[in-house]
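One structure below.
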Amino acid sequence: MNITVFYGSSRENSNSSLLANKVLNGLNFEAVHLQNMKIVPIEDKRHDLEGFSLPDDDYDQIIQQILKSDIIVFATPIYWYSMSGTMKVMIDRLSQAIRDERYPQLTEHLRTVKAIVLAVGGDNPTIKGLPMIQQFQYIFEFLGTSFEHYILAKGNRPGDVLSDSRVLSEAKWLNGWLQSLVNQTRH
């Protein structure tokens, strides 16, 4: 069982990264820090005769990582009631990737993937983060990806998320669930 976490924060050791690391504690996973990648925003050419052009960026690495993943974790701060801009650009580019002839297996593979969203915001995130969760729900529904779980956590200053006992309890439960999934595939 291959797990990938896409970190959407612009900060190393962000609250969303700390939360993801709690959820994935003791598990083997691959980490993709979107802030360290060059991802060009989508130029929508779905209806042009020549179709999409291939930007010179790192997006193929993201697709390769998705293709080898069974579980994808999206860890993001909540910015303006949504995911970070970096993560949004990554998601937007899926419109191009699912039409890319180099990846005929991508659409089918996405139907086998389990997705988890971990998000941290400062001001009442369990309410104000819900529009983002709904957005992810629609994205996964469109892709046929199974939306397994999400955690919305509070954190203003660096490290704040680690003092929220409710969130730490949820992270521990989710870690146990992931551990059991991994163990099931080993047998």
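Whenever a residue of region 94-110 is closer than 18 Å to ASP48 by Cβ, its partners that are modelled with pLDDT of 90 or more and open to solvent by 40 Å² or more (accessible area, probe 1.4 Å), lying with C-beta atoms within less than 7 angstrom and at least six residues away or across chains, give the pairs ILE98/THR107. Across region 172-187, the number of residues qualifying as open to solvent by 90 Å² or more (accessible area, probe 1.4 Å) and of a type in the set (Phe, Trp, Tyr) comes to 1. Within the bounds of region 99-107, is there any residue that is modelled with pLDDT of 95 or more, touching a Phe, Trp or Tyr at 6+ places or on another chain (Cβ under 8 Å) and surrounded by 14 or more Cβ atoms within 10 Å (Cβ to Cβ)? Within region 99-107 (the criterion being modelled with pLDDT of 95 or more, touching a Phe, Trp or Tyr at 6+ places or on another chain (Cβ under 8 Å) and surrounded by 14 or more Cβ atoms within 10 Å (Cβ to Cβ)), the answer is no, since none of the residues qualifies. The set of residues in region 63-111 being touching a Gly at 6+ places or on another chain (Cβ under 8 Å), over 30 Å from GLY121 (Cβ atoms) and either part of a helix (DSSP H, G or I) or among the small types (Gly, Ala, Ser) (or both) consists of THR107 alone. Each residue in region 150-163 was checked for being surrounded by fewer than 19 Cβ atoms within 10 Å (Cβ to Cβ) and on the phi < 0 side of the Ramachandran plot, and 6 pass. Does SER169 qualify as being out of contact with any Lys or Arg (no Cβ under 7 Å at 6 or more places or on another chain), open to solvent by 60 Å² or more (accessible area, probe 1.4 Å) and assigned to a helix (DSSP H, G or I)? In short, yes. Out of LYS128, LYS172, one residue alone is over 15 Å from ASN15 (Cα atoms) and modelled with pLDDT under 95. It is LYS128. Just to be sure before I move on: is LEU178 touching a residue at least 24 places away in the same chain (Cβ under 8 Å), within 16 Å of the chain's Cα centre (by Cα) and part of a helix (DSSP H, G or I) in the structure I sent? For LEU178, the condition - touching a residue at least 24 places away in the same chain (Cβ under 8 Å), within 16 Å of the chain's Cα centre (by Cα) and part of a helix (DSSP H, G or I) - is met. Checked against (1) open to solvent by 10 Å² or more (accessible area, probe 1.4 Å); (2) closer than 23 Å to MET1 by Cα; (3) in contact (Cβ under 8 Å) with a residue 40 or more places away in the chain; (4) aliphatic (A, V, I, L, M), LEU118 passes all but condition (1). Being on the phi < 0 side of the Ramachandran plot, surrounded by 21 or more Cβ atoms within 10 Å (Cβ to Cβ), in a loop (DSSP other than H, G, I, E, B) and out of contact with any Asp or Glu (no Cβ under 8 Å at 6 or more places or on another chain) is the requirement here; does SER9 meet it? When the stated conditions are applied, SER9 passes them. Of the residues LYS88, LYS22, LYS68, LYS38, the single one that is under 12 Å from the mean Cα position of the chain (by Cα), open to solvent by 60 Å² or more (accessible area, probe 1.4 Å) and at pLDDT 95 or above is LYS88.
Here is the figure for region 54-65: residues that are of a type outside the set (A, V, I, L, M, F, W, C) and crowded, with 18+ Cβ neighbours inside 10 Å total 1.
The values are calculated or read from the model by the stated rules, or taken from the named source; none is laboratory data. Computed from a predicted model, the values in this text were never measured in an experiment. FYI the Cβ positions are ideal-geometry reconstructions off the backbone, even for glycines, and counts take in every protein chain you see. Protein only, heavy atoms only, side chains kept; ligands, DNA and RNA dropped before computing areas. Shrake-Rupley method; radii C 1.70, N 1.55, O 1.52, S 1.80 Å.
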